[in-house]
Amino acid sequence: QVQLVESGGGLVQPGGSLRLSCAASGSIFSIFAMAWYRQAPGKQRELVAAITSGGSTNYADFVKGRFTISRDTVKNAVYLQMNSLKPEDTAVYYCNADLASTWYEGVSDYWGQGTQVTVSS
């Protein structure tokens with residue numbers, strides 16, 4: 001079994017910063033990519049940022065220049081540094097990982113439980 005556990009969410013004022021963390025644990029053979037998604041009330045879940053095992057990154061246009069995704073391959077962790085936060089960044093943020101649990105299994109998709117980020121004065 002694989003678990004993804006997020007931390008670091010909370011309440012922050014507009015213009016402030018937060019750093020989200022996500023650690024994967026359990027039966028992990030190889031992680032191919034990790035990502036952060038978010039879902040605001042009444043909206044669909046959307047990709048925020050992603051990072052591959054090789055370190056390539058991809059960002060949604062609405063966070064470019066403000067958010068930075070990084071990864072610790074030793075700890076099986078991914079981070080999201082969020083700067084210049086706006087009220088519209090308010091959402092539940094979910095960690096996602098594409099990984100193989102064993103050498104003979106294919107890649108599966110795993111999700112964390114989510115962490116709330118609220119940007120408000």
query: Do the conditions hold for Val92, that is, is it exposed (fewer than 13 other Cβ atoms within 10 Å of the Cβ) and either not in a strand (DSSP E or B) or not small (Gly, Ala, Ser) (or both)?
result: no
Extreme residue, nearest to Gln39 (Cα to Cα), among residues of segment 62-78 that are outside any strand (DSSP E or B) and β-branched (Val, Ile, Thr): Val63
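I'm checking my understanding of the structure. Among residues of segment 26-44 that are within 15 Å of the chain's Cα centre (by Cα) and modelled with pLDDT under 95, which one is most open to solvent (accessible area, probe 1.4 Å)? Spell out the reasoning first.
Pass one, segment 26-44, residues within 15 Å of the chain's Cα centre (by Cα): 31-40.
Those still in the list that are modelled with pLDDT under 95 too: 31-32.
Details: Ile31: 13, Phe32: 94 Å².
Selected residue: Phe32.
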message: So, in segment 46-80, how many residues would count as being within 16 Å of Gln116 (Cα to Cα) and surrounded by fewer than 16 Cβ atoms within 10 Å (Cβ to Cβ)?
response: 2
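The values are calculated or read from the model by the stated rules, or taken from the named source; none is laboratory data. Note that the structure is predicted; figures quoted are calculated from it, not measured. All Cβ positions, glycine included, derive from the backbone under ideal geometry; neighbour counts span all protein chains shown. The area values use the complete protein model at the heavy-atom level, side chains included, leaving out ligands, DNA and RNA. Shrake-Rupley method; radii C 1.70, N 1.55, O 1.52, S 1.80 Å.
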